[in-house]
1. Pick out the one residue from A:Arg433, A:Arg395 that is crowded, with 16+ Cβ neighbours inside 10 Å and within 13 Å of the chain's Cα centre (by Cα).
2. Quick one: is B:Lys98 at pLDDT 85 or above, more than 14 Å from every other protein chain (Cβ to nearest Cβ) and exposed (fewer than 14 other Cβ atoms within 10 Å of the Cβ)?
3. Of the residues that sit in segment A:618-640 and are modelled with pLDDT under 85 and more than 11 Å from every other protein chain (Cβ to nearest Cβ), which one is nearest to B:Gly40 (Cα to Cα)?
4. Based on what the data block shows, is B:Val81 under 28 Å from A:Gln306 (Cβ atoms) and within 13 Å of the chain's Cα centre (by Cα)?
5. Can you pull out every residue in segment A:631-653 that is surrounded by fewer than 21 Cβ atoms within 10 Å (Cβ to Cβ) and outside any loop (DSSP other than H, G, I, E, B)?
6. Would a scan of segment B:77-86 turn up a residue that is at pLDDT below 85 and surrounded by fewer than 18 Cβ atoms within 10 Å (Cβ to Cβ)?
7. Among the candidates A:Thr35, A:Thr45, single out the residue that is modelled with pLDDT of 75 or more, hydroxyl-bearing (Ser, Thr, Tyr) and in contact with a Phe, Trp or Tyr (Cβ under 7 Å, 6 or more places away or on another chain).
8. Sort out which residues of segment A:297-326 are touching a helix residue (DSSP H, G or I) at 6+ places or on another chain (Cβ under 7 Å), away from chain B (no Cβ under 14 Å) and of a type outside the set (A, V, I, L, M), and write them in order of number.
Amino acid sequence: MDDLIAEFLTETAESLEVVDAELVRFEANPSERKTLDNIFRLVHTVKGTCGFLGLSRLEAVAHAGETLLGRFRDGKLEVNADAVTLVLHSIDRIKVILAGLEGAGIEPEGDDNDLIAQLEAMAEGQAVDLTAVQAVEVPVRPIGSEIEPAELNLPTTAPATAAPNLKTGDVDPATGRTLRLGEVSEADLEAAFAAASGPEDEPKHLKAGDLDPATGRVLRPGEVSEAELEAAFAAAEAGIEIPAPAPVAEAPKPAPVAKAAPEPLPASMGGEDLASLNNTQSIRVSVDVLEGLMTLVSEMVLTRNQLLQISRTREDSAFATPLQRLSTLTGELQDSVMKTRMQPIGAAWKKLPRLVRDLSHELHKKIDLVMDGEGTELDRQVLELIRDPLTHMVRNSADHGLETTEERIALGKPAIGTIKLAAFHEGGYIVIRISDNGKGLNTGKIREKLVEKGLANRTELETMSDQQVHRYIFAPGFSTAAKVTNLSGRGVGMDVVRTNIEQIGGQIDLNSVPGQGTTFTIKIPLTLAIVSALIVGAGGQKFAVPQTAVMELVRTGVTAEHKIERINESLVLRLREKLLPLVQLGPTLQLEAAKNEDPSFVMVIQVGERRYGLVVNDVLDTEEIVVKPLATVLRDVDVFSGATILGDGSVVLILDPNAMSERAGNMLEEKQAEESESTVDTTNDNRCAMLLFKAGSGAPKAVELEHITRLEHIEVSQIERMDGRAALQYRGKLMPILNVGDYSTIKDEGIQPLLVFTGEGYAMGLAVDEIVDVVEDRLQIELSADRPGVRGTAVVAGRACEIVDVDYYHLRGLAEHQRHPAPLGAGQSSSERAVA
Amino acid sequence: MSLRDYVTLRVGGQLFGVDAARVHDVFHPRGVTPVPLSRGEIAGVLNLRGRIVTAVCARRRLGLPPRPEGSPEPLAVGLEVHGDSYGLVIDSVDEVLKLDDEKFHAPPGNLPPRWAEIIVGVYQLEKELLIVLEPQTLLDAAHLKAA
């Protein structure tokens with residue numbers, strides 16, 4: 001492709017993104033001249049350059065659009081929604097032509113007369129028919145195949161983009177094609193200047209007075225005489241630090257302009273050279289170069305680490321100082337290179353104002369989009385990956401979250417709904433919030449939907465908090481939209497959003513208040529290239545675990561406060577009143593050496609909704625690691641997400657906490673398969689850990705592990721009985737002990753196993769005969785129960801089990817507590833009194 | 001007559017050859033980190049000048065018995081397949097031979113399948129046969145799985 005065209009495409013794409021956003025702002029506030037000026041200038045630039053490059057189709061559309069904009073600028077036409085829609089249509093059309101140009105190198109075939117006719121009609125003040133304009137599908141352009149200079153996102157750079165126009169204007173006559181700029185004669189200019197009488201003059205007046213905008217003939221750049229420009233260039237080249245507006249201020253006539261409109265002027269004087277006096281200088285660098293730099297720096301960091309490692313073990317101190325210096329410099333270099341990859345998140349937000357505007361029209365809702373923290377920077381790779389999820393979520397908020405304007409008024413809410421986007425840094429993360437002040441999630445409807453779609457059954461739902469229910473909107477195949485709009489409600493979406501975000505090591509959560517709105521919070525790492533990791537040891541080998549997944553470290557062992565306990569073959573850890581299922585790293589990886597190791601640490605790992613403990617032999621270090629992919633022959637080993645080179649030069653494998661938990665789940669399944677011949681349906685994801693126990697006669701019982709706070713084995717003699725009820729002094733309080741079912745399951749002597757449940761401020765124990773096992777299986781209640789305290793019968797691990805109704809026992813436990821005279825939580829003395 | 005360079009190497013006493021243009025380097029595989037749960041042929045991963053190289057054991061790949069105790073330190077030839085760096089761990093490297101394409105023979109039909117797919121041909125040298133290996137099928141994930 002022609003270099004000129006390539007350059008033109010990049011620049012125009014940027015301009016058009018700005019136009020989109022500016023137009024939406026303009027529609028909201030038509031009195032803001034500056035915005036209109038910016039739009040006008042951008043469209044004009046496109047048109048001017050198109051003419052220069054001989055792109056007639058583009059030029060025609062841009063020209064018609066510009067004419068219309070000129071009318072607005074003159075105040076000859078009122079700005080209304082139709083007009084903006086029309087202009088947006090022409091911007092879309094331009095984008096489509098550009099996309100064709102990008103692909104083929106020539107303008108695609110097509111007829112734009114439909115659009116141009118409407119644009120012209122509107123410019124003439126005639127009625128327009130929007131339906132006559134064919135809507136076009138704008139192809140999505142990936143974010144910056146080149147890193148854009150950051151300041152391009154700021155409105156101040158709009159003039160800089162306009163600058164080539166000026167240059168074109170200067171040079172062009174040779175081609176014989178008259179450019180608008182070149183058309184302005186010196187006499188005209190003089191006259192224009194004369195018309196601009198003084199500093200008190202409004203800039204718009206000045207502009208309007210200059211020429212006929214309908215012809216689109218003149219931009220203010222032309223007003224600056226060549227001599228002044230030369231002077232300005234000379235000053236810039238000589239590197240003299242002149243405040244940008246100064247050269248203009250020297251020239252008597254443009255002075256008022258400089259004061260009235262300082263922003264556009266610097267650019268109008270000298271294009272990029274002078275604009276750069278105001279802005280940071282920037283160049284375009286291809287992403288490939290940056291990626292290459294990044295790889296090199298990563299290697300350098302690793303080599304530095306190796307050097308440091310060597311120097312630490314040596315007495316020879318002659319190297320110490322220069323090495324320290326080298327180390328610092330390498331660190332700084334790494335930071336700088338990282339920065340080049342950083343882009344403001346605003347780049348992913350650019351299209352949203354336009355999107356919200358269109359949605360607002362389509363849905364007949366008045367929507368205000370508030371964006372906060374556009375300048376927050378993150379790695380462009382991450383940026384690219386979150387763009388689509390963000391768009392989807394904003395769309396959802398507009399479609400599902402916000403009420404219609406009428407509903408809002410009826411509810412006494414502000415008529416205009418607000419969608420707020422906010423971004424900020426927190427640790428090594430960027431947090432993005434998308435909130436709306438709409439109706440909030442309809443919990444009841446979601447519950448119904450869950451049953452209808454078979455995602456949960458009623459008994460399960462009853463035990464779920466609203467928050468838990470809300471999270472189901474991230475489940476695959478879930479959608480509550482009563483009718484499918486063309487925007488959303490197809491049932492694909494939030495699960496895809498969640499998958500996308502989790503793929504880059506992020507997390508998503510939501511909070512919804514009925515009548516007040518919904519807030520989604522996304523937390524994602526700033527960069528994917530370098531992660532901090534814990535280096536752990538197991539089976540005589542080192543492994544890296546990404547720190548993002550590790551919630552906490554618990555020291556275990558004989559002397560430690562926390563002990564690993566066994567339920568049959570499964571390991572669990574008591575942690576703050578909860579039982580944490582454990583996965584042993586060494587044995588899971590089938591490491592021979594792990595058999596003789598004493599587990600000493602448990603890493604509490606959170607993956608999505610799931611939390612488990614990873615048992616390791618040692619925790620050695622935390623290190624910033626550069627993630628490298630594994631060779632294709634190793635891709636089938638899913639527990640490793642990559643490898644890295646440590647400071648000592650050794651290669652360690654990076655564990656994938658997600659795959660580890662799945663593998664742990666598999667282990668449990670395998671064990672079940674050994675124990676029972678029956679095959680267990682493992683296709684359903686809806687699995688949970690369950691405790692199997694025996695109590696009384698009949699079928700074994702099962703209860704979901706998450707309800708159980710603790711397992712206790714106590715001497716029967718410790719149980720105190722009073723008129724048929726039993727209780728135990730437990731942690732300074734009196735805890736009622738309940739039988740399972742109607743018959744007594746409390747033993748007469750020996751050791752009594754107890755399942756301890758806790759609720760708000762109370763605890764209760766369920767006396768059982770024997771704890772059998774902890775298994776993971778899907779809970780599918782097949783036979784409903786006719787007795788209180790039993791939810792029904794389900795096949796768990798190949799055996800028919802009665803599923804215990806925890807709520808029933810909670811109620812009974814609470815009732816026991818209320819029968820006791822002592823207030824709860826009053827401490828030892830009062831509970832003693834209660835016993836007495 | 002067209003000549004081609006082959007790096008000749010020995011695995012379990014047998015002489016093999018690999019197209020010299022495909023061999024990046026020859027090195028001692030040291031500091032190999034085993035990859036748990038991976039296929040038996042994979043010896044592990046190692047750091048070769050800042051690159052992570054996957055070491056594949058030629059003996060295990062060819063179904064030969066493991067190296068006897070006390071044999072000299074093994075060598076590895078660095079090869080690249082599908083953009084990944086591999087080190088084929090072998091017993092020793094002999095020399096680089098220039099061989100005439102005309103003396104190249106297709107592999108005989110009676111080879112075991114494990115060998116047949118990774119052998120492109122055979123040269124009849126004066127003393128013995130030189131078996132030419134194809135790195136692509138030797139190290140390719142799909143072929144490893146099938147093996």
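1. Exactly one of A:Arg433, A:Arg395 is crowded, with 16+ Cβ neighbours inside 10 Å and within 13 Å of the chain's Cα centre (by Cα), namely A:Arg433.
2. The answer is yes for B:Lys98.
3. A:Ile625
4. yes
5. A:Thr632, A:Ser641, A:Gly642
6. Within segment B:77-86, one or more residues are at pLDDT below 85 and surrounded by fewer than 18 Cβ atoms within 10 Å (Cβ to Cβ).
7. Only one candidate passes the filter, namely A:Thr35.
8. A:Ser311, A:Phe319
The values are calculated or read from the model by the stated rules, or taken from the named source; none is laboratory data. Remember, it's a predicted structure, so these values are computed and weren't measured experimentally. Backbone-built Cβ (ideal geometry, glycine too); neighbour counts: all protein chains shown.
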